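Engineer: Here it is, the structure in full.
The values are calculated or read from the model by the stated rules, or taken from the named source; none is laboratory data. Being a predicted model, the structure only gives us computed values, none of them experimental. All Cβ positions, glycine included, derive from the backbone under ideal geometry; neighbour counts span all protein chains shown.
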Amino acid sequence: MRTLPATSLWRDRQFRTFWSAQGVSEFGDRISELALPLIAVTLLNASPAQVGFLTAAVWLPNLASLFIGTWVDQRRDKRPLMIAADLSRTIVLLTLPAAYWMDALTLGQLYVIAILAGTAHVVFSTAYASFFVRLVSRDQFLEANSKLSATRSISFMGGPAVAGILVQWLTAPVAMIADALSFVFSAVQISRLKTAPAEHEVAEESLLHRAREGMRYLLKHPYLRVSLACATTVNFFNLISTALLVLFASRNLSLSAGTIGLAFGIGATGGLLGALAATPLTRLLGAGRLIALGAIVFPASIAIAAFASGPVWVRAAALAAAEFVGAFAVMCFDVPLNSLQASVTHDHMRSRVSGAFSSINYGVRPLGAIVGGFLGTWIGVRETLLVSSAGGFLAVLWLLGSPIIRTRSLDGLKPPE
C-alpha cells in the first residue's frame with residue numbers, strides 16, 4: 001500500500017481547507033464566464049464591439065492593481081481582505097437575477113457588475129500573493145501551485161457543462177446565483193484558516209511611494225521583468241480571441257449554450273492533464289523551455305476553432321480541441337512561471353509586486369478585448385481569432401537571451417541581493 005510523504009500537502013489541513021474554497025469558487029466562476037457574455041449576446045443582442053467592451057470591463061480594474069496591491073501590502077493579515085472580496089462579489093452578482101426578474105436588465109448594468117466584481121477579484125488576488133507563502137512552505141510552492149492549477153483545470157472540465165445546463169434550464173441571469181453562492185462558501189472556508197500574519201512593518205512612505213517601489217522592483221528584476229513582458233504579450237493576444245469566443249461559438253458555429261458548455265468542459269481536460277504534467281515536464285525539459293513552449297502553443301490553439309466547419313458535431317469537436325490544446329499549454333506556462341516568480345521575490349514585496357505585475361499583465365487585457373471587439377466588427381470574428389493565434393510567437397521573443405530560458409530547475413533560485 002502506497003503511503004503519502006510526510007511533507008505532502010494532502011496531509012496539510014490548512015491547505016486542504018483553502019483548496020476546497022478555491023475549488024468551489026473556480027466552479028462558480030465558470031458559470032459566470034459563460035453566462036455573462038450569453039446574457040449580452042442572446043438577451044441584449046450585443047454586437048462584437050459591445051461584447052469586447054464587456055470583456056474589457058471585467059479586466060479593467062487590473063489597471064489599478066499597482067495601487068490596490070500597495071494598499072493591501074500594508075495590511076498584516078490578508079485573510080480579512082480575501083473574505084471581504086468574496087462577500088462583495090456575492091452581493092454584486094445577485095443584482096443580476098434581481099434585475100432580470102424586474103425586467104430591468106441592461107448592458108450598462110453588465111458593465112458595472114463586471115467592473116465591481118473585477119475590483120473585488122484584484123483585492124483578493126493581490127492579498128493571496130502574500131497569503132500563499134504563509135500557507136505553504138517554500139519547498140512546497142511547486143506542489144501547491146500544481147494542485148491549485150489542477151483544481152482550476154477540473155473546474156474548466158465540469159463547470160462549463162454545468163453552466164450550459166443551468167443557462168438552458170434556468171436562464172443565464174438566474175444561473176449567476178450559483179456563482180454568488182460559491183463565493184459565500186469560499187469566504188466561510190477562508191475564515192476557518194489560522195495563518196500567522198506578516199511581521200509588522202512600519203510604513204512611513206506614502207501609498208504612491210510604495211507603489212513606485214513595487215513597480216521599480218518589478219522592472220529592474222532580471223526574472224520578473226522578462227516574465228512580465230512575455231505574459232503580457234500572451235494575455236493581450238489571448239484576450240483578442242477570448243472576448244469573442246462565446247459569440248463566435250453561438251453565432252458563427254451555431255452552437256447552443258449546452259453544446260458550448262460541453263465543448264468547453266471536454267476541452268478543459270487538457271488543463272487537468274497539463275497541471276499534472278507540468279511538474280514532470282519541468283524536470284524533463286527545464287522550466288525555461290517549458291514556459292517558452294507554453295507561451296507559443298497557448299494562443300495558437302484557437303486557430304483550430306477558427307477553421308471549424310461542417311456538421312454540428314465537427315464544429316463542436318473543433319471547439320473542444322482548441323480548448324484542450326490551449327488549456328494544456330497554459331498550465332505548462334503558468335505552473336513553472338508562477339513557481340519561479342514566487343521563488344525570486346522578497347517576502348516584504350510580494351503584494352506590491354503582485355499588484356504591479358497585474359497592473360500591466362492583466363491591465364493589458366481590456367485593451368486586448370477592445371481590440372478584439374473592433375477587429376471582429378471590422379474584419380470578421382473568424383479572421384480576428386486567427387490574428388490572435390499568432391501572438392505566442394511574439395511573446396517568446398522576450399525570453400530569448402533572458403535568465404528564464406536558461407533556467408532548468410527552481411532549486412537554488414532565490415531573490416536577488
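Engineer: Among the residues of the stretch 376-417, count how many are modelled with pLDDT of 90 or more and part of a loop (DSSP other than H, G, I, E, B).
Structural biologist: So the answer is 3.
Engineer: Identify, by number, the condition in (1) in contact with a helix residue (DSSP H, G or I) (Cβ under 7 Å, 6 or more places away or on another chain); (2) within 16 Å of residue 131 (Cβ to Cβ); (3) in a helix (DSSP H, G or I) that residue 80 doesn't meet.
Structural biologist: Unmet for residue 80, out of (1) in contact with a helix residue (DSSP H, G or I) (Cβ under 7 Å, 6 or more places away or on another chain); (2) within 16 Å of residue 131 (Cβ to Cβ); (3) in a helix (DSSP H, G or I): (1).
Engineer: May I ask you to say which residue of 137, 182, 186 is surrounded by fewer than 21 Cβ atoms within 10 Å (Cβ to Cβ) and either of a type in the set (A, V, I, L, M, F, W, C) or farther than 24 Å from residue 361 by Cα (or both)? Talk me through it step by step, then tell me what you get.
Structural biologist: Numbers: 182 fails: surrounded by fewer than 21 Cβ atoms within 10 Å (Cβ to Cβ); 186 fails: surrounded by fewer than 21 Cβ atoms within 10 Å (Cβ to Cβ).
The unique qualifying residue is 137.
Engineer: How many residues are hydroxyl-bearing (Ser, Thr, Tyr) and under 17 Å from residue 404 (Cα atoms) if we restrict to the stretch 287-346?
Structural biologist: Residues meeting the conditions: 3.
Engineer: Ok, one more. Inspect all residues belonging to the stretch 259-267 and state whether any of them is at pLDDT below 85 and either at negative phi or not basic (Lys, Arg) (or both).
Structural biologist: For the stretch 259-267, residues at pLDDT below 85 and either at negative phi or not basic (Lys, Arg) (or both): present.
Engineer: Looking at (1) crowded, with 18+ Cβ neighbours inside 10 Å; (2) touching a Pro at 6+ places or on another chain (Cβ under 6 Å); (3) closer than 30 Å to residue 349 by Cα, which is the only condition residue 100 fails?
Structural biologist: Tallying (1) crowded, with 18+ Cβ neighbours inside 10 Å; (2) touching a Pro at 6+ places or on another chain (Cβ under 6 Å); (3) closer than 30 Å to residue 349 by Cα, residue 100 fails exactly one: (3).
Engineer: Being surrounded by fewer than 19 Cβ atoms within 10 Å (Cβ to Cβ) and modelled with pLDDT of 90 or more narrows it down to one residue among 293, 273; which is it?
Structural biologist: So the residue among 293, 273 that is surrounded by fewer than 19 Cβ atoms within 10 Å (Cβ to Cβ) and modelled with pLDDT of 90 or more is 293.
Engineer: Would you mind finding the one in 217, 223 that is modelled with pLDDT under 85, surrounded by 20 or more Cβ atoms within 10 Å (Cβ to Cβ), among the aromatic types (Phe, Trp, Tyr) and more than 20 Å from residue 371 (Cβ to Cβ)?
Structural biologist: Only one candidate passes the filter, namely 223.
Engineer: Within the stretch 148-162, is there a residue that is over 18 Å from the mean Cα position of the chain (by Cα) and touching a residue at least 12 places away in the same chain (Cβ under 8 Å)?
Structural biologist: Yes, the stretch 148-162 contains at least one residue that is over 18 Å from the mean Cα position of the chain (by Cα) and touching a residue at least 12 places away in the same chain (Cβ under 8 Å).
Engineer: What do you reckon, is residue 369 assigned to a helix (DSSP H, G or I) and either crowded, with 21+ Cβ neighbours inside 10 Å or not small (Gly, Ala, Ser) (or both)? Before you say what the answer is, go through the steps one by one.
Structural biologist: Values: assigned to a helix (DSSP H, G or I): yes; either crowded, with 21+ Cβ neighbours inside 10 Å or not small (Gly, Ala, Ser) (or both): yes.
Criteria met by residue 369.
Engineer: Hey, another quick one. So for the stretch 184-193 (the condition being modelled with pLDDT of 75 or more, closer than 30 Å to residue 98 by Cα and of a type in the set (D, E, K, R)), does at least one residue qualify?
Structural biologist: Checked the stretch 184-193: no residue is modelled with pLDDT of 75 or more, closer than 30 Å to residue 98 by Cα and of a type in the set (D, E, K, R).
Engineer: Only one residue in 356, 320, 342, 308 is within 30 Å of residue 248 (Cβ to Cβ), part of a helix (DSSP H, G or I) and of a type in the set (A, V, I, L, M, F, W, C). Which one?
Structural biologist: Matching residue, one of 356, 320, 342, 308: 320.
Engineer: Restricted to the stretch 56-80, and to residues that are at pLDDT 85 or above and out of contact with any His (no Cβ under 9 Å at 6 or more places or on another chain), which residue is farthest from residue 364 (Cα to Cα)?
Structural biologist: 80
Engineer: Shifting gears a bit: Among the candidates 405, 360, which residue alone is buried (at least 20 other Cβ atoms within 10 Å of the Cβ) and within 25 Å of residue 332 (Cα to Cα)?
Structural biologist: That would be 360, the only listed residue that is buried (at least 20 other Cβ atoms within 10 Å of the Cβ) and within 25 Å of residue 332 (Cα to Cα).
Engineer: Could I ask something else about it? How about the stretch 13-58: which of its residues are of a type in the set (A, V, I, L, M, F, W, C), within 18 Å of residue 172 (Cα to Cα) and touching a Lys or Arg at 6+ places or on another chain (Cβ under 9 Å)?
Structural biologist: Residues satisfying the conditions are 41, 58.
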